[in-house]
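Novice: The structure that follows is given in the form of structure tokens.
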Amino acid sequence: MPTMQQDTLRRVLFEAVSLLARYHLGSVIDSLLQKRLPMDSDTVELWRVLGRKFFVNQLLRVLMEKLKHSGNDQARTSSAKPEADDDEAALEPLKITRAIFEVVSTLQTSEAVQRLLPELLPVLLKQISATLGKEMLFPQVSSQRKLFLKGHTSDDNPCRLSLETLEAVLRTCLDGKWLWLLRKQGAWAALEDPRAHPDGVGLLTGVLLRAGTISLPVVLVLTQWLDAPSANLRLMAAAFFAELMKEPALQEWRCFQPILGALAEKTQDPSSTVRQMAARGLGNLVSGAPEKLRKHKGAILEALRRGLEDVASAEVVAESLLALAKVVDELKGKAVGSTFKDLAKATRTFFDAEQASLRSAAFTLYGVLAASATRRWRSFFTEELANTWASLVLHLRDPDPGASMACQGALRLCAPFLGLRRVRQGIAVNTRLSAAELQDDICSQLAQESPKHQQALYIATRRCFLRSCVDLQAAALDVAGLELRGGGRSRVQGLQGAGKAEQVLRVGCGRAGRERAP
């Protein structure tokens with residue numbers, strides 16, 4: 001082929017190869033897969049010619065089966081092979097993936113792909129998982145070859161090649177609006193980024209669900225991945241089912257109960273990202289199967305409560321807090337039972353966390369707990385709020401906008417439990433005030449109504465300033481300034497609070513000189 005550039009002669013060669021493939025398809029495929037990467041233009045043209053033949057269904061099936069088993073064959077035989085052979089074995093899945101891409105790209109109908117999609121989709125997802133974060137699968141190749149590979153389209157980026165192949169497959173069998181939605185949401189870029197990969201899997205799953213592409217055979221295959229040795233494979237399965245838990249139709253399939261049990265179990269997985277996705281999935285059960293949530297509420301609440309003790313990952317704790325907010329909001333305080341008290345006490349410990357995501361999630365759950373406090377828990381929550389209201393007021397000026405907004409929502413939901421009549425009424429009436437304006441109003445009301453509560457706010461302000469990160473220290477100084485101004489307006493009773501606030505400001509000025517803090 002490299003020496004024959006005349007179209008008439010090349011067409012003869014193409015017909016000869018097609019005739020061979022008609023009677024000896026396996027041999028032709030094996031021969032083409034022996035070509036090295038990056039794939040040259042002649043090999044690309046041959047794959048595309050074969051993709052236009054009537055036996056394309058059989059061709060795709062053979063390639064799919066080869067890709068399905070390539071990883072297993074490589075693992076079984078790698079120990080007995082020389083290093084050069086190991087490099088070629090590592091390239092085998094990439095060659096097959098590229099061949100599928102070229103064949104699918106030239107299809108004139110979607111029939112072949114539609115028929116194979118329930119099997120082909122998991123195979124390509126597994127290939128994406130296997131190549132995630134890898135730029136080269138063959139570190140032993142020569143420097144000259146590496147330079148050549150780097151200049152070639154996607155052959156130097158295995159994960160991108162796998163994603164492009166999946167996109168080509170979906171392009172043949174999905175309506176254009178779904179492909180547009182995937183691109184608009186940034187699903188492909190997220191899937192390629194190891195840090196955003198779980199979110200990318202969720203975006204892809206959501207679109208495929210709406211397009212009606214997720215079938216029971218696909219779900220059954222991914223169920224097995226939850227216990228796979230590969231952390232990447234477990235992560236893909238956990239992220240997939242976290243999104244799938246939103247789908248009401250899932251509970252009609254016979255695999256729902258095992259999946260629910262597996263997600264609860266995966267909240268203790270060695271991988272923190274798998275634990276995070278498992279917690280997300282349990283929270284999403286609220287929209288997908290609320291009656292199943294009520295049936296298994298004890299196990300679900302316990303699994304998510306354990307997530308609050310995950311000292312190794314702030315992301316797992318934040319996800320567990322948000323999932324608990326959904327679950328408690330659905331169950332309400334009475335159905336939550338004695339866990340209500342444990343959750344309230346555990347949640348307040350994250351109010352002053354350094355991570356903004358933790359603070360925001362904690363305020364969200366605390367507000368839900370306040371709204372869900374039934375008569376049985378009203379007395380307890382009133383006492384609980386006596387220890388936390390000052391922190392809530394302080395974080396109205398949280399440096400993170402999301403945390404500030406969540407805190408404002410929580411404080412408004414907690415207002416009925418406050419003993420201070422004027423402050424409670426002010427929070428309820430001034431619904432249009434910004435968080436900073438609401439904080440200013442509360443400090444002013446405290447100076448006039450209750451110096452004792454102003455003292456409690458001072459203590460919380462000083463504690464936050466001495467223990468927290470620089471951004472929260474700046475917020476504490478702002479509150480100290482409000483206390484000082486508010487204290488000055490309350491005559492004799494406010495002078496003590498004003499003096500305390502001034503102490504915080506003096507400490508802050510001293511630190512600013514030493515550490516350049518705000």
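The values are calculated or read from the model by the stated rules, or taken from the named source; none is laboratory data. The structure presented is a predicted model; accordingly, all values stated were derived computationally and were not measured. Quick reminder, even Gly has a Cβ in these numbers, built from the backbone with ideal geometry, and neighbours come from all protein chains shown. Please note that ligands, DNA and RNA were not included when accessible areas were found on the heavy atoms of the full protein model with its side chains. Shrake-Rupley method; radii C 1.70, N 1.55, O 1.52, S 1.80 Å.
Novice: Identify all residues within region 332-351 that are buried (at least 20 other Cβ atoms within 10 Å of the Cβ) and either among the aliphatic types (A, V, I, L, M) or not in a helix (DSSP H, G or I) (or both); write none if there are none.
Specialist: V336, L343, A344, F350, F351, listed by residue number.
Novice: Which residues, counting only those in region 352-380, are surrounded by 23 or more Cβ atoms within 10 Å (Cβ to Cβ) and aromatic (F, W, Y)?
Specialist: Those that are surrounded by 23 or more Cβ atoms within 10 Å (Cβ to Cβ) and aromatic (F, W, Y): F363, Y366.
Novice: Okay, next question. Let me confirm something: among M1, M39, which residue is surrounded by 14 or more Cβ atoms within 10 Å (Cβ to Cβ), within 17 Å of K95 (Cα to Cα) and at pLDDT below 90?
Specialist: On inspection, the qualifying residue turns out to be M39.
Novice: Can you name every residue in region 1-43 that is small (G, A, S) and either in a loop (DSSP other than H, G, I, E, B) or within 22 Å of Q58 (Cα to Cα) (or both)?
Specialist: The answer is A16, S18, A21, G26, S27, S31.
Novice: Shifting gears a bit: K246: under 22 Å from P118 (Cα atoms) and basic (K, R), yes or no?
Specialist: Considered against the rule, which asks whether it is under 22 Å from P118 (Cα atoms) and basic (K, R), K246 comes out as yes.
Novice: Okay, next question. Can you pull out the residues in region 245-282 that are open to solvent by less than 10 Å² (accessible area, probe 1.4 Å) and within 13 Å of the chain's Cα centre (by Cα)?
Specialist: V274, M277, A278, A279, G281
Novice: Sort out which residues of region 305-331 are over 15 Å from A361 (Cβ atoms) and open to solvent by less than 20 Å² (accessible area, probe 1.4 Å), and write them in order of number.
Specialist: L331
Novice: On the basis of being open to solvent by 30 Å² or more (accessible area, probe 1.4 Å), in a helix (DSSP H, G or I) and over 23 Å from L301 (Cβ atoms), does P416 make the cut?
Specialist: yes
Novice: May I pose another question? When only residues in region 398-409 that are in a helix (DSSP H, G or I) and in contact with a Ser or Thr (Cβ under 7 Å, 6 or more places away or on another chain) count, which is least open to solvent (accessible area, probe 1.4 Å)?
Specialist: Across region 398-409, the extreme among qualifying residues is A403.
Novice: Is it true that T273 is in contact with a Phe, Trp or Tyr (Cβ under 8 Å, 6 or more places away or on another chain) and either closer than 23 Å to L324 by Cα or part of a helix (DSSP H, G or I) (or both)?
Specialist: Considered against the rule, which asks whether it is in contact with a Phe, Trp or Tyr (Cβ under 8 Å, 6 or more places away or on another chain) and either closer than 23 Å to L324 by Cα or part of a helix (DSSP H, G or I) (or both), T273 comes out as no.
Novice: Next up: Which members of region 283-304 meet the condition of being surrounded by 16 or more Cβ atoms within 10 Å (Cβ to Cβ) and not β-branched (V, I, T)?
Specialist: Within region 283-304, G283, N284, L285, G288, A289, K292, L293, H296, K297, L301, A303, L304 meet the criteria.
Novice: Within the set of pairs 6+ apart or on separate chains, which have a first residue in region 360-388 that is more than 23 Å from A318 (Cβ to Cβ) and part of a helix (DSSP H, G or I), a second that is modelled with pLDDT of 90 or more and basic (K, R), and C-beta atoms under 7 Å apart?
Specialist: These pairs meet every condition: F380/K341.
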